[in-house]
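Trainee: I am attaching a structure below and will ask some questions about it afterwards.
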Amino acid sequence: MLAHDQRDARARGLSVRVGIALPRAPRSAGDLWELVDALEGIGYDSVWLSDTATQPGLAPLATLAAIAASTQRLKLGTSVLTLPPRNPVLLARELATVDFISGGRLLPAGGLGVDAPVERDALGTARDELVGRLEEGIEVIRRLWTGKPVTFAGRFCTLTDVTLHPQPARRRLEVWLGGRAPVALRRIGRIGDGWLGSFVGHDEFAAATDVIRAAAAGAGRAIDEDHYGTIVVCAATPEDAAAAGYPGRLRGIRRDAPIEESFAIGAEAALRLLEGFVAAGASKFVVVPVARDLPGWLQVLFDDVVRPIEAGRDAA
């Protein structure tokens, strides 16, 4: 467990990076490419897409493959990919393909998926199989990514001398996991390469990373200290927030958490919000931007929040 004065990510020399979550359902393909061009041109670190079967939204891997072809440096993240229903052999190939064609820019984060009956029914995965499929799937994917022939007999998947080609562009493609329940945090410590939290408070974030570290140590492994991040929502104005249904949408997700620690209105509040997480040990952020003039808000966010938070107040 880290002492409070040892948590600050920047003080420990960790690289702070901020990415942007694309809207689930852009109004048009033109709007999508306008946003992607803005992110690339302004200088954002990464772009992220969420995953759902029954709610509005672009399919993340297909969209990220298209973004890979139209950009040069943006990293490509999933926040988070629903793993249990997917065949791990096909998924290993799809993820490796996106990493391959992007030159090593994929940031895969996965989880159990949306916890809603309509989603589970649509995907057809029994609830008591979700964790088993996730854990077995990650093991299969990692083995295939080694490039060696894989023979595996599991509960859900059987392989006999299967070799994946092409391999990911990076020698070690890491899988981050989402979740915030204690059992999920311990699972991240046992098998994950990083944690992407969502809609948690500063103190909750710090406590969760301690749970993950302890679980990792118990499993005889360690997670890189710069592999802890979280998702936050930043709106340009109160009117923009209200038009998008915030903060009410967040209260529907987390009735037991302080909304102000995962939601901010205006650049000054957004900077304070992220600084609080940096002090709690976070070094990676996925910002959900909320504004009617989204390209304009992205520029303001970068100038007034992202540049100083990534460089540090003194450097900025």
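Trainee: Output the qualifying pairs, or none if there are none: Cβ atoms under 7 angstrom, residues six or more apart or on different chains, first residue in the range 218-243 and among the hydroxyl-bearing types (S, T, Y), second residue in a helix (DSSP H, G or I).
Mentor: Y228/T209; T230/F205; T230/F277
Trainee: Taking the options V300, V286, name whichever one is crowded, with 20+ Cβ neighbours inside 10 Å and of a type outside the set (F, W, Y).
Mentor: V286
Trainee: Among the residues of the range 8-33, which ones are open to solvent by less than 50 Å² (accessible area, probe 1.4 Å) and part of a helix (DSSP H, G or I)?
Mentor: Residues satisfying the conditions are G30, D31, L32.
Trainee: A further question follows. Determine whether the range 258-267 contains at least one residue that is closer than 27 Å to D193 by Cβ and either at pLDDT 95 or above or part of a helix (DSSP H, G or I) (or both).
Mentor: The answer is yes; a qualifying residue exists.
Conditions (1) in a loop (DSSP other than H, G, I, E, B); (2) in contact with a Gly (Cβ under 8 Å, 6 or more places away or on another chain); (3) surrounded by fewer than 21 Cβ atoms within 10 Å (Cβ to Cβ), marked per residue:
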{"site": "L35", "(1), (2), (3)": "no, no, yes"}
{"site": "E40", "(1), (2), (3)": "no, no, yes"}
{"site": "T54", "(1), (2), (3)": "yes, no, yes"}
{"site": "G57", "(1), (2), (3)": "yes, no, yes"}
{"site": "R73", "(1), (2), (3)": "yes, no, yes"}
{"site": "R86", "(1), (2), (3)": "yes, yes, no"}
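Trainee: Before we move on, is T125 among the β-branched types (V, I, T) and either under 20 Å from the mean Cα position of the chain (by Cα) or modelled with pLDDT of 95 or more (or both)?
Mentor: No, not satisfied.
Trainee: Please enumerate the residues belonging to the range 263-281 that are in contact with a Phe, Trp or Tyr (Cβ under 7 Å, 6 or more places away or on another chain) and over 20 Å from R292 (Cβ atoms).
Mentor: Selection gives L274, F277, A280, G281.
The values are calculated or read from the model by the stated rules, or taken from the named source; none is laboratory data. These numbers come from a predicted model, not from an experiment. A quick note on method: Cβ atoms are made from the backbone with ideal geometry, for glycine too, and the neighbour counts reach across all protein chains shown. The protein model used for the area step is the full one, side chains on, heavy atoms only, and it has no ligands, DNA or RNA in it. Shrake-Rupley method; radii C 1.70, N 1.55, O 1.52, S 1.80 Å.
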